[in-house]
Amino acid sequence: MSLLVVGSMAFDAIETPFGKSDKIIGGAATYIAWSASNFTQPIKQISIVGYDFPKEELQALEARGVVTEGIQIKEDEKSFFWSGKYHMDMNTRDTLDTQLNVLANFNPVVPESYQDCEFLMLGNLVPALQMSVIDQMKNRPKLIVMDTMNFWMETAMDDLKKVLTKVDLLMVNDSEARELSHEFSLVKAAKKIMQMGPKYLIIKKGEHGALLFHGENVFFAPALPLEDVYDPTGAGDTFAGGFIGHLARTKDISFENMKTAIIIGSAMASFCVEKFGTQRLKEITKADIDHRLEQFQELVSFEIELV
């Protein structure tokens, strides 16, 4: 049984206080697949690219166990392009350019060979497209995880609310959680959002870790303090890939196992930011991941004697 990943594949041009990249490979689905492939295979991907997307990038993903049958290639259009500049705190950024290109008329199609997927990861996309994929699944996946962003809250709120009733887990950052719920307290925000449909909620707080909510239960995962952060682009998607990759491998969707998954997601995100684009994710080994998970354990391990 496999993992189905839906999302964008793109070109990014990024500027941070620590460097600048020319056009590099990005997109939510790309980061999710590179990250998740460390834990589970095959990964079945649905996306769209243009004639300019390098064939060797698709071949590299295939070599990692990613099935590309569901990736549409438009020979007469360019791939999605995004350009952004990060501020000194690396949490805020300005979008300099967005060219939808192939994404403008994207109509995701779920191939017959993808219908056995038990885990569905909906990367950040137009809510109507996320809904279209759910509707095309003949058997409801065991777990549907969804990412979204404030842009859709401002431009497609009705569609977004419909999708929320269909998913098990939503991932948003703290400002998006506040915008969606109209609550400043993240605990209150979480309760409101879970009333909209998702049984589980992850609120990502960038360099300050992530919160997992389910009913009255809350779990906090720290982010690893890193000396060098070169590029935070894709860190949230890499986190999602590690999270869903672990769940798909263990086939255990309990709150307890999600705690482990959120730590694994945080570990994967900590690799992503160390270099531009997907470069670092292509280099890491199982030994690197194991070592990083040990660092996370040391980060939060303590003993206390209650007086």
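Here is how the numbers come out for the structure above:
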{"quantity": "Percent RCO, i.e. relative contact order, over segment 113-185, from Cα pairs under 8 Å lying at least 6 residues apart", "calculated": "33"}
{"quantity": "Under 14 Å, Cβ to Cβ, from ALA177 - net charge with Lys/Arg +1 and Asp/Glu -1", "calculated": "+1"}
{"quantity": "Under 5 Å, built H, 5+ apart or other chain: amide partners of ILE48", "calculated": "MET9, GLN72"}
{"quantity": "Segment 206-307: GluC sites (Glu not before Pro) falling in loop per DSSP and having at most 16 other Cβ within 10 Å", "calculated": "GLU216, GLU227, GLU303, GLU305"}
{"quantity": "Among GLN72, GLN45, GLN59, residue whose mean-square fluctuation peaks in a GNM of the chain (springs only between Cα atoms under 10 Å)", "calculated": "GLN59"}
{"quantity": "Subset of LYS161/LYS275; LYS44/LYS138; LYS138/LYS192; LYS23/LYS74 violating a 24 Å alpha-carbon distance limit", "calculated": "LYS161/LYS275; LYS138/LYS192"}
{"quantity": "Span from the segment 107-160 Cα centroid across to the segment 164-225 one, whole angstrom", "calculated": "19"}
{"quantity": "Helix-only mean residue ellipticity at 222 nm for the chain, each DSSP H run of n ≥ 4 adding -39500 (n - 2.57), per residue, nearest 500", "calculated": "-11000 deg cm²/dmol"}
{"quantity": "Packing rank of 63-70, 169-176, where each peptide gets the mean count of other beta carbons within 10 Å, highest leading", "calculated": "169-176, 63-70"}
{"quantity": "Global geometry of the chain, whether rounded, prolate or oblate, following the gyration tensor of its Cα atoms and the 1.5 cut on a/c", "calculated": "rounded"}
{"quantity": "Given 10 as the ceiling on other Cβ atoms within 10 Å, longest exposed-site-free region of the chain for chymotrypsin sites (Phe, Trp or Tyr not before Pro) in DSSP loops", "calculated": "1-183"}
{"quantity": "P(r) of segment 203-257 over all Cα-Cα pairs, binned every 10 Å from zero, in whole percent", "calculated": "19, 49, 27, 5"}
{"quantity": "Exposure proxy ranking, count of Cβ atoms within 10 Å, fewest first, for HIS214, HIS208, HIS246", "calculated": "HIS208, HIS214, HIS246"}
{"quantity": "For segment 75-81, 3J(HN,Hα) per residue [Karplus equation, 6.51 cos²θ - 1.76 cosθ + 1.60, θ = phi - 60°, Hz, x = Gly/Pro]", "calculated": "6, 10, 9, 8, 6, 4, 9"}
{"quantity": "Whole-number percent relative contact order across the chain, with pairs defined as alpha carbons under 8 Å at least 6 apart", "calculated": "17"}
{"quantity": "Ranked list, fewest to most other Cβ atoms within 10 Å of each Cβ, for THR16, THR250", "calculated": "THR250, THR16"}
{"quantity": "Helix runs (DSSP H) in the chain reaching 15 Å along axis by Cα, Kyte-Doolittle at least 0.0", "calculated": "235-250, 255-272"}
{"quantity": "Candidates SER113, SER47, SER79: whichever shows maximal mean-square fluctuation once the chain is modelled as a Gaussian network with Cα springs under 10 Å", "calculated": "SER113"}
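Only the coordinates and a few stated rules stand behind these numbers; no lab work does. This one's a predicted model, so the numbers in the text were calculated from it and none came from an experiment. Please note: Cβ atoms are built from the backbone with ideal geometry, for glycine as well, and neighbour counts cover all protein chains shown.
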